Amino acid sequence: MSTTKKVLLINTHLTYPNWSEGTLNASFHQKAKEFFQANNFEILETKVENGYDAIEEVEKHIDADIIVLQTPINWFGAPWIYKKYVDEVFNSGLQNAKFLTGDGRTREDVTKQYGTGGKLLGKQFMVCSTWNAPKASFDDSGQVLFEGRSTADALIQITSNYRFCGVEVVADYNCFDIFKDGDIAGDLDYYPEHLKRVFKL
């Protein structure tokens, strides 16, 4: 039996011709791929925009030790194709009982909490996202929009799906202020260090 670890890299960029072609998210996706290849991982990949089979995606999640989502933040969330992906893939994983069996609560034990019924224990999930928002708009109660919230708070509608299924969520990585004053080259260069740290590789 193979002991090679596997990583599932999901890119959910949605192309808007002549405006958002996906080069930046593809660059982060490729940087992650090179990092995991250098650490002897088998690479599983999905580009949501190119289509997918929900049952196959469930199996990729089952096979993977680590799952990394690469996404732009469009209007404060992942592109709509990712919500469709999650609905189809996670519903499939619920129906075949491979992701979870119920929400964790039981009538026999009222101490069991909602969100503790996942079966994907031992796996890790991370979001890498690209933002127009500057880094300074987070973790500062004086900011009008996010009112002190962190990127982890802003991404909770993504990470909760994985936590609900028993996956450990590690610290997100973000490229900020991409249209005005960001350090895209620096963020790309540092990305492997973040991956090394959060996944202890």
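A short reminder: the numbers here are calculations on the coordinates, not readings from a lab. Here the structure is a predicted model, which means the values were calculated and not measured. When we count neighbours, we look across all protein chains shown, and the Cβ atoms used for this are built from the backbone with ideal geometry, even at glycine.
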What is the dipole size for the chain, taken about its Cα centre, with +1 at each Lys and Arg Cβ and -1 at each Asp and Glu Cβ, in debye to the nearest 20? 500 debye
Is there a quick way to get the dipole size of the range 124-201? I mean about its Cα centre, with the Cβ of Lys and Arg at +1 and of Asp and Glu at -1; what is the value in debye to the nearest 20? 320 debye
Helix 23-38: inclination vs the chain longest Cα principal axis, degrees, rounded to 10, gives 60 degrees
Taking the chain as the reference, fit the longest principal axis to its C-alpha atoms, fit the long axis of helix 184-198 to the helix C-alpha atoms, and give the angle between the two in degrees, 0 to 90, nearest 10. 30 degrees
Inter-part distance where the range 10-31 and the range 112-180 are each reduced to a Cα centre, Å: 19 Å
Take every DSSP beta bridge whose two residues both sit in the range 6-198, then give the antiparallel share in percent to the nearest 5. 10 percent
From DSSP H assignment alone, runs of 4+ in the chain each adding -39500 (n - 2.57), the sum over residues rounded to the nearest 500 puts [θ] at 222 nm at -10500 deg cm²/dmol
Cα convex hull of the range 6-198: how many Å³ per residue? 133 Å³
By how many degrees, 0 to 90 and rounded to 10, does the Cα axis of helix 80-95 deviate from the longest principal axis of the chain? 10 degrees
